[in-house]
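The values are calculated or read from the model by the stated rules, or taken from the named source; none is laboratory data. The shown structure was predicted, so the numbers you read here are calculated from the model rather than taken from an experiment. Here the Cβ positions follow ideal geometry from the backbone for every residue, glycine too, while neighbour counts run over all protein chains shown. Quick note on the areas: whole protein, heavy atoms, side chains included, nothing else; ligands and nucleic acids left out. Shrake-Rupley method; radii C 1.70, N 1.55, O 1.52, S 1.80 Å.
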Amino acid sequence: MTDTARSSNRYGTRPTMKDVAARAGVGLKTVSRVVNGEPGVTPDTERRVQDAITALGFRRNDSARVLRKGRTASIGLVLEDLADPFYGPLNRAVEEVARDHGALLINGSSAEDPAREQELVLALCARRVDGLVIIPAGDDHRYLQPEIAAGVATVFVDRPAGEIEADVVLSDSFGGARDAVAHLIAHGHRRIGFIGDQPRIHTAVERLRGYRTAMAEAGLPVDESWVALGSTAPERVRTAAEAMLSGPEPVTALFSGNNRVTVTAVRVLAGRERPVALVGFDDFELADLITPGITVVAQDAARLGRTAATLLFRRLDGADEPPQQRVIPTRLIPRGSGELPPA
């Protein structure tokens, strides 16, 4: 095929090693040696082949190599929401570990929909990824059993798998929540509200457990009107917060279960004359620039991703051991909002 004929069709056939050989005036085996970095080619011949590769825009097709080796050198990452800033450092950490192992990362978002999670995971398996890192949306992962049995290494992050045994890397949601509420109690608060995520989500349940434990350890009762689990939609969070902050004995402090809840809580509290203390689970951008700065329980998202990806590649390298659970500690960062005394 001539260069003119090739350029006439923008989406035409990709150039092949035969095209490169013809342009460079060498044999097909010589091109193969250059492409695969094998010895036995003179510098002048290698230069001619490289010039032909550049001129034609040739890219090596790894499909045959995949069939020979049985691995694609690619892994899949299924997140809850690609737009959530929490997942940025996690995604980057997984990508860096994959790159260190010569693997490509393919990611997608489940949008917190179990059906969409399953569809995305199985689509990645159909493309023969070697392994999966999954932030689960659903609570039944038996659909993955045939894939795992076929050799697809799988590690869950942030929440454990449902109905199957698998490696998982978690943040210490329980401990972080207990620390947050104990911090508010230490600053004089006795009526503390908790606004969390959906009750079917593992992290929401663990953070509620941490809240209740801290209150019990301090000998404080929990009025059930102080607890609200559900959607993180701003309307729902606003309604819950305003209900807790009204009446003859309103809460004097709020503990918010994730960064999306915290942002709405900040907006609700900004318009109130009486100060209300706030501690949020998850750090978020500009939290230190608000007045007062927002006290948070920070997760190490990058460490979560790095630990999960490292564990995944251990499995791919042949580690044969029972499923593991790794728990990454959280860190309380006082900035002002969690240190306000009761009004």
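Heavy-atom accessible area for His101, with the other protein chains in place and a 1.4 Å probe, reaches approximately 90 Å². Each Cα pair under 8 Å and six or more residues apart adds its separation to the average, and for the chain the resulting relative contact order is 17 percent.
If the chain linking Leu122 and Leu104 were pulled fully straight, counting 0.36 nm for each residue of separation and taking away their Cα-Cα distance, it would gain 4.7 nm. Considering the values (i) 19.9; (ii) 23.2; (iii) 21.6, which represents Kirkwood radius over Cα pairs in Å as calculated for the structure under consideration? Here Kirkwood radius over Cα pairs in Å agrees with entry (ii).
For the stretch 257-343, the Cβ-based charge dipole about the Cα centre amounts to some 140 debye (Lys, Arg positive; Asp, Glu negative; other atoms uncharged). I need the Debye-formula profile for the stretch 71-132: one equal scatterer per C-alpha, no solvent, reported as log10 I(q)/I(0) at q = 0.18, 0.23, 0.27 1/Å, two decimals. Log10 of I(q)/I(0), two decimals: -0.62, -0.94, -1.13. Is the shape of the stretch 270-343 best called rounded, prolate or oblate, per the rule: a/c under 1.5 gives rounded, else a/b larger than b/c gives prolate, else oblate, with a ≥ b ≥ c the square roots of the Cα gyration tensor eigenvalues? The shape class here is prolate. Using a Gaussian network model of the chain with C-alpha springs under 10 Å, which one of Ala24, Ala265, Ala180 is most mobile by mean-square fluctuation? Of Ala24, Ala265, Ala180, the most mobile in the Gaussian network model is Ala24.
Ranking Asp44, Asp197 by solvent-accessible area of protein heavy atoms (1.4 Å probe, all protein chains present), from largest to smallest, gives Asp44, Asp197.
Summarising the overall dimensions of the stretch 192-343 from its C-alpha atoms, the Rg and Dmax are 17.6, 62 angstrom.
Secondary structure note: in the chain, about 10% of the DSSP beta bridges are antiparallel.
Diagonalising the gyration tensor over the Cα atoms of the stretch 175-226 and scaling each eigenvalue by 5 before taking the square root yields semi-axes of 18, 12, 9 Å, largest first.
Projected onto their three principal axes, the Cα atoms of the stretch 40-199 cover extents of 80, 37, 23 Å, largest first. Among the protein heavy atoms of the chain, carbon and sulfur supply 50% of the accessible surface, probe 1.4 Å, non-protein parts ignored. Hydrodynamic analysis of the stretch 196-250 uses the Kirkwood radius over alpha carbon pairs. Inserted into Stokes-Einstein at 20 °C and 1.002 mPa s, it gives a translational diffusion coefficient of 176 µm²/s. Protein-only accessible surface at a 1.4 angstrom probe places the residues Leu311, Leu229 in the order Leu229, Leu311, largest first.
Using the alpha carbons alone, the radius of gyration of the stretch 113-156 stands to its Kirkwood radius in an Rg to Rh ratio of 0.91.
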